[in-house]
1. Working only with C-alpha atoms, what are the Rg and Dmax values of region 432-492, expressed in angstrom?
2. Over all directions, the average projected area of the alpha-carbon convex hull for region 147-245 comes to how many nm²?
3. Say the cut-off is 23 Å between C-alpha atoms; which of K614/K654; K128/K315; K15/K282; K418/K518 go over it?
4. Please get the size of the charge dipole for region 442-593, origin at its Cα centre, with Cβ charges of +1 on Lys and Arg and -1 on Asp and Glu, quoted in debye to the nearest 20.
5. What is the Cα coordinate range of region 378-437 on the first, second and third principal axes, sorted by size from largest, in whole angstrom?
6. At 10 °C and 1.306 mPa s, what whole-number value in µm²/s does Stokes-Einstein give for the translational diffusion of region 307-355, with Rh from the Kirkwood sum over Cα pairs?
7. Can you work out the base-10 log of I(q)/I(0) for region 477-595 at q = 0.16, 0.21, 0.23 1/Å, using the Debye formula on its C-alpha atoms alone?
8. What do you get when you divide the Cα radius of gyration of region 437-542 by 2.2 N^0.38 Å, with N the number of residues?
Amino acid sequence: MRFDAATEARLEQGKQYILDAFGADPNVTGTGIGYRQRGGRWTDQPSVVVMVARKRHAALVSRRRLLPKTIQVDGRTTQVDVVQAGPFRTGQLTPVRERGAAADIEPIVDRIRPIRPGCSISRGGPEKTAGTLGLFVYDNTDGTACLLSNNHVIADMSRGAIGDPIVQPGTYDGGVVTRDTIALLKRWVPIRASGTNVDAAIAQLTDQTLFDMRPARNLMPPLATNHPVVGIVTAGDGFGGCLLTRIDAALTALNVDLIVPAPDGSLVPSARLEGSAAAPMKGVVAPYPKMVIEKVGRTSGYTSAVIGAVRVAAKVDTPIGVILYTDLIWTTYFQLPGDSGSVVYRGGDGRTLVPPDYYPCPLMPVLEEYYWVVPFTAEEETADRVRDEFFAQSQLGRLLLRLPYLNETTVRNRLYGKWASRDEEIAAAEFYDKYREFMIDVLNDPNSPEVVTQEHLDDAAEVIQGLRQTVLFPEESQLARTLYDQALVPIKGMTRRQVRDYMNDWAVYDLVLAELEKVPTIEVFGAAELPRMPDPAAWWKLDGDTVDASGNGQMATLHGLTSWIGDGQVGGALRVGINGYAITAEPVVDLNASFTVAGWFRITQDLTVDSFFKAVAQGSTPDAGFQLGVHADRWWFHLPGASLPTESFVAASKGVWTHVAAVYNAAAKTIRLHLDGRWTSPASSVSDQTRTATGGVTIGAVILPSQITYWNGDIDDLRLYQQALTPAQIYDLVQQAGGPARLDRSSTPPRARHTGPDARRRLLDLLKIPRRRR
C-alpha cells in the first residue's frame, strides 16, 4: 500500500526526529516508515518504524529512555511502532554462521548447469563461503551478460579483485575454481565506512549462453513484466528480520539492465519505457509497505513474506565493521544465512516463511526445577523442533512463541523456591511418557495422518485444571478455560497440517490475542527497553595488555606462565598457564554493595568430577571476597555469606568460549549466574554479614593464605560493575561480542536435586506409583 506524498514526507520527518533523539542508543538498530502492527498483524495506521534489539515492558524502562508511542510532526500526530529487529549482519554463509534449515527445507547446494537464479555461488578460493546467485543482467558498458549478487558475496566487501573467479556451487558447498568457475568478478558498488545504500556486484559469465532465467528447481516463475523484481536479500538478524537492497538502486549504480525474455523467446536487455533513461525499467517495481514478496535462495529455498517498512536506515555488522545502510527494505521470516544475493520479486502468498533463530526457551530450566522428574533441559532439541517446524509456521504460533521470552521474569518469580507436589510430579511424568514419542513421530512426518482426539483434549483440560489449582492467578485461569473452549476444542479431528492452517486463520489469531490482552499479568508485546549500560568499575579487554579500559587505573600485573593469543571472543585474549595469573594492586568493587563480574572464558582442560578451576576473584585475606570458576562440570560462583555457592544449570564445555556473568544483588540478598546471556542458575541467598576481605582482583586464579587455585585456560573482555546488571544488559554484553556459541544441549540441572538414577529412570519409577486424583 503506497503512501501519498504528504504522508511519506511527514513520516520521513518523524523518522529523522527519532534518529536525532535516539539514534545514538546502541539498542536502536534501525528506523524506517511503514504501517503499525498490532500483535504481528498490519493495521492501516502509517507509522515511523523503530527497530530495537530488545523489547521490555514500559514499566521497566526509564522515562528518559522510553521511545514515544506518538510524535508531533507539523502539528499532526504520527504513530511510532517499535519492533524487535537486529542487530543485523550480512547473511553470507560461513562455517561459523552455519544454521540448519527446517526439516522440510532442502538447501539448493548442488551443481547446476545451465546456471539459474537461486543457486549457491561464492568467490573462488580457500575460504569456505556461500551466497546466492540473484539473476542475470546486461552490462551497458560492453553488452556482455553478467550475474548479479551482493558485494559481500562475490566481491568480499569491495576487497576482491577484478577477474576473481566466481564458482557454482559456492566453496562452502564443494565448489572449486578448476572445475566450477562460471564467471569473473567485474564490478561492484563500493561499501565504505561512511555508509552505503547498495550492496551489489556483477561478474561476467564465462559462457555467455549457458544460463537459464528460470529460478532453481522451478520454485517460482522467472522474471517478467508481470512478475517484477523489488530487491536483493542483504542482511538479517536472529529474530527473523531481513534487510533488502533496492534493485532499482543496484541496477542504476552498476550501470546494468535486466535481461528479460522477448516475445519471440529470446533474451534481451530490458528496454527503457519511452526510450528515456529516466523512465522506470521494465520488470522492476518500487517497494512499498504491505507488498507481498517472494524469492528463491540457496539455504531456505522458496519463501514469501510481506514488506514491513521502506526507507530503512540500519546499522549492519559486516566483515569490515559496522556500516550504516540506508534506503533499505525490511521484512520478516524471509531468509537464512546463505540466502544473501537472492533477488526478491513481487508475488507469492506472503506467508511461506522460515523460522527465526530463537534462543533456547528460557523456561525449560525453570520447569525442570519445578517438575524435577521430567528432563526438560535434555529435551531442548525436541523443543526447538516443535518451535521451528510447527509454531513458527503460523501467525498464531509466532505470537505464542514470544510469550515465554516476554514473561520469563514473571514465571521465574512465581515458581522461585517452589516445587511440584507429589500428584503434580506423577501427572507430569505420565504426560511426558505418553506424548514424547507421539510428538516426535508427528514432527518427523509433516503429512502425518494422526489427528487430535477427544482423549488429547481431555488430557489438555486436566493439565489446565491442575495449573488452575496451583500456579495460575484467577484471570489467568479464566483465560485458560476460555481458550480451551473457543480455540482448542475446534481442532478436534484435525491433522498437523490442518492445525497449522487453522493457526494461520486471522479470526482465530484475533480471538486469542483479544483474550491475552485482557489479562494484566501476561505481557504480550512489551515496550522498547533502551537500557544505558553503566560504566564499568574496571574493564580489561586483554588484547595484548592488562590495561584498565574503564579509565579507573586498575592495571593488572602478570605473574607466572601467561601468553597472548589471537583467537579471543573479542579480538585477542589472555591465556594463563599452570601457574599464571594477573592481579590488581587494590580492590575494584565494594563487596557489600551490588556488583557484577562478567567476561568470556574458555576451558582448555579436561573436566572431571574433581575439577576445580578458579577464573576470577577479589580479595585474599582472610578469605576471598568472591570466587568465579568451574567446579566439576558446572560454572560456580561463591560470595562469603551465601547459603551455598550457585551452580549453573548448563554444563561447562571444554574448548568453547562462554560468557559468564556473576551477579550479587544486595537489595534482594542473592547471587546468580548468567551464561551466554540466556541461561541462569538458581539464586542463592546471602546473609547480611559484612565482607572484609582485602586484596586486589586476581585474573586466572584465586589466591588464599593457604593455597592458590589456577584457571589454566583463556580469558577475554573481563568487566566488573558496581551494580547488579539486569538480564537485558547482560544479554546486550553478549550480543556486542557477536553472540554465544552453541551450548551443550545434553546438560542436566544441578546435582543437588539430581543425584541417583537418571531422570528418565526416576520418571518411570514414579509411573509405577498409583496416581492420586486431585
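Coordinate-derived values only; no laboratory data. On a predicted model such as this, the values are computed, not experimentally measured, just so you know. All Cβ positions, glycine included, derive from the backbone under ideal geometry; neighbour counts span all protein chains shown.
1. Spelled out, the Cα radius of gyration and Dmax of region 432-492 are 13.6, 39 Å.
2. Values: hull surface 32.9 nm².
Answer in nm², one decimal: 8.2.
3. Working: K614/K654 15 Å; K128/K315 25 Å; K15/K282 31 Å; K418/K518 27 Å.
Pairs exceeding the cut-off: K128/K315; K15/K282; K418/K518.
4. Details: 10 positive and 23 negative charges, 55 e Å.
In total the dipole reaches around 260 debye.
5. The principal-axis extents, from largest down, are 37, 31, 19 Å.
6. Working: Rh = 12.6 Å.
In µm²/s, the coefficient is 126.
7. Results for region 477-595 at q = 0.16, 0.21, 0.23 Å⁻¹ read -0.85, -1.25, -1.27.
8. Details: Rg = 20.2 Å, N = 106, 2.2 N^0.38 = 12.9 Å.
Normalised Rg, Cα atoms only: 1.56.
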